[in-house]
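Structure first, commentary second.
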Amino acid sequence: MNSLFASLTPRKRSLILLVIIYIGFISLGLPDTVLGVAWDTMRLELDQPVYYAGFVTTLLTACSAVSAFFSGAILRKVGTGRLLMLCGFVTGFSLLGYALAPAFWVILLCAIPLGFGQGAVDTGMNYYVAKHYTSRDMSWLHCCWGIGATVGPGIITAILAAGASWRWGYAVVSSTQIVLAFVFLLTLSLWNENGKEDGGTESAVAGKVCYDIRFWCCPLMVFLYCGIEFSMGLWSYMFLTVCRGASAEVAGYAVAGYWGMLTAGRFFVGIFANRLGNVRQIRFSMAGGLLGGVLLAIPGISYLPFAALGLIGFSFASFYPAMMHAAPERFDDATACTVIGYQGGAGMLGTALIPAVFGYVASRSSFLLLPCLIIAVALLISLLQMRVDGWRKRGCPES
């Protein structure tokens, strides 16, 4: 298989691999948003109540988080290309299990390997791009996830509108994952060459993992960030309608605009990401989020909440990609590989826990607490970031 790419320059091989990674991240985003559209027809056919969708998403999130936490150790042993290939087949056949499921318990059973596979693929791609590509490439990588998350509901909607079963939607998404796994298999030599300039195999990351205070601050930052990112997406509608008197239609478009600004921001910030650097992107992200939270808290100006929501979405765009790409700058290879997995797992836990806890508290007090949550978390993340990047000690101390 080496002869397939032997005539190409290293730059062209690296570019081809980056395109494959981008396609992989689009594919990773596809199944994440399909269930929300497909569930209503799925539950009727499988004879299940509406709220059972929550069991599927919770199980997926839990398995993805566990996988992300441990995938750093796996990456150090088997290498990125092999891990992505194996997990591509796992996620593909798990989604095929969704398409063929005769009962709800089969959906739950298939959600377990699907979650584990997605968590490992997410960590593997993030680590590889952080290690071998630029901050701009990382920002655009996460923009690709947004493309997949947008296309997924479109695929299932088109299939249902054509009168076909939801099962065909999952079959289509499954086929993309399996095809991608074969692409990973056929391009293993590219991963190896890009992983080691001497032509050796990118099969392991040597070294000791340093679990110091800077290490633990990084997953905590991502945990908090993902919590407020998804809290904004989940509860802004309630804030706008209940606390600011917006109509349901306007509030719905505003929430869509929030996600749209976050996805578009990852593309536009990516243009300048290499000049800005990861540390400044993180600082600007939280400064913009803090300003947006303050504007969101100001009552009496009709357009201000919508402008604030757009500002928050755009500001948040660069945080997650910059945190992932900053890992090899902050730590040695073995620690960076592990911290990226921990950041991914912490982000999933933040997504699952913080919006739920906030919703419980706000429903018993007031959704006016939403701007307070943004302001408080943005300040806390800024303090943690100063702790991580204020002292540039790299690697583990000698023991």
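The values are calculated or read from the model by the stated rules, or taken from the named source; none is laboratory data. Every value quoted in this text rests on a predicted model; they were computed, and no experiment measured them. Please note: Cβ atoms are built from the backbone with ideal geometry, for glycine as well, and neighbour counts cover all protein chains shown. Quick note on the areas: whole protein, heavy atoms, side chains included, nothing else; ligands and nucleic acids left out. Shrake-Rupley method; radii C 1.70, N 1.55, O 1.52, S 1.80 Å.
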Extreme residue, modelled with the lowest pLDDT, among residues of segment 203-256 that are under 27 Å from L349 (Cα atoms) and of a type in the set (V, I, T): V205
G72 in contact (Cβ under 8 Å) with a residue 40 or more places away in the chain and out of contact with any strand residue (DSSP E or B) (no Cβ under 8 Å at 6 or more places or on another chain): yes
Only one of L311, L290 that is out of contact with any Phe, Trp or Tyr (no Cβ under 8 Å at 6 or more places or on another chain), assigned to a helix (DSSP H, G or I), farther than 20 Å from D389 by Cα and open to solvent by 10 Å² or more (accessible area, probe 1.4 Å): L311
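This table checks each residue for (1) assigned to a loop (DSSP other than H, G, I, E, B); (2) under 20 Å from T57 (Cβ atoms); (3) open to solvent by less than 10 Å² (accessible area, probe 1.4 Å); (4) modelled with pLDDT under 85.
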site: P113; (1), (2), (3), (4): no, yes, no, no
site: G148; (1), (2), (3), (4): no, yes, yes, yes
site: G152; (1), (2), (3), (4): no, yes, yes, yes
site: I156; (1), (2), (3), (4): no, yes, yes, yes
site: L180; (1), (2), (3), (4): no, no, no, no
When residues of segment 102-161 are limited to those that are of a type in the set (A, V, I, L, M) and under 20 Å from L276 (Cα atoms), the one nearest to the chain's Cα centre (by Cα): L141
Pairs, first touching a residue at least 24 places away in the same chain (Cβ under 8 Å) in segment 48-59, second assigned to a helix (DSSP H, G or I) and open to solvent by less than 40 Å² (accessible area, probe 1.4 Å), C-beta under 7 Å, six or more apart: Q48/F104; Y52/F104; V56/L35; V56/I107; V56/A111; L59/A111; L59/G115
Positions within segment 367-397 being more than 17 Å from Y211 (Cα to Cα) and modelled with pLDDT under 90, in sequence order: F367, G390
Positions within segment 82-106 being out of contact with any Phe, Trp or Tyr (no Cβ under 6 Å at 6 or more places or on another chain), among the hydrophobic types (A, V, I, L, M, F, W, C) and assigned to a helix (DSSP H, G or I), in sequence order: L83, L86, C87, F89, V90, F93, L96, L100, F104, W105, V106
Flag for S64 being within 17 Å of L96 (Cα to Cα), among the hydroxyl-bearing types (S, T, Y) and modelled with pLDDT of 80 or more: no
